[in-house]
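Quick notes on the structure that follows.
The values are calculated or read from the model by the stated rules, or taken from the named source; none is laboratory data. Because the structure is a prediction, the values reported are computed rather than measured. Using ideal geometry, Cβ is built from the backbone for each residue, glycine included, and neighbour counts are taken over all protein chains shown.
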Amino acid sequence: MEILKVSSKSNPNKVAGAIAGVLSKSDQVELQAIGAGAVNQAVKSVAIASRFLGEQGTKISMIPGFVEIQIGEEMRTGITLRVTAEERGEMSEITSKEKEPVEEEPVTED
């Protein structure tokens, strides 16, 4: 699986393009980020890629986790975002369930 390293200075649009490029060849890509700013850019990148790929008929999902990364002689804990692509046809059952209307009972005050 290809790993994309994201920093706080990464351009989310460019990272989203990289996500889309990797997912055109593979069904998974992993983003790694250390620090709040880097995680913010990574999440924004996934959101942008989701919109772009959704317009092309591909849904993506993201699974977050932790990763230990060695930088020099120091071990740092980072966040990993595993992004997986699904074609729209694979999720037709889920989509139909999501669109079912939900009846809500009126809220009454005592």
Point to revise | Filter result for K59 (at pLDDT 95 or above, closer than 19 Å to K9 by Cα and among the charged types (D, E, K, R)) | key: no
**Study point:** Residues that are of a type in the set (A, V, I, L, M, F, W, C), closer than 23 Å to I71 by Cα and either surrounded by fewer than 18 Cβ atoms within 10 Å (Cβ to Cβ) or in contact (Cβ under 8 Å) with a residue 40 or more places away in the chain (or both), drawn from the stretch 1-26
**Key:** M1, I3
Check your understanding: Can you tell me which residue in the stretch 27-52 is surrounded by the most Cβ atoms within 10 Å (Cβ to Cβ), limited to those that are of a type in the set (D, E, K, R) and without any contact (Cβ under 8 Å) to a residue 40 or more places away in the chain?
Key -> K44
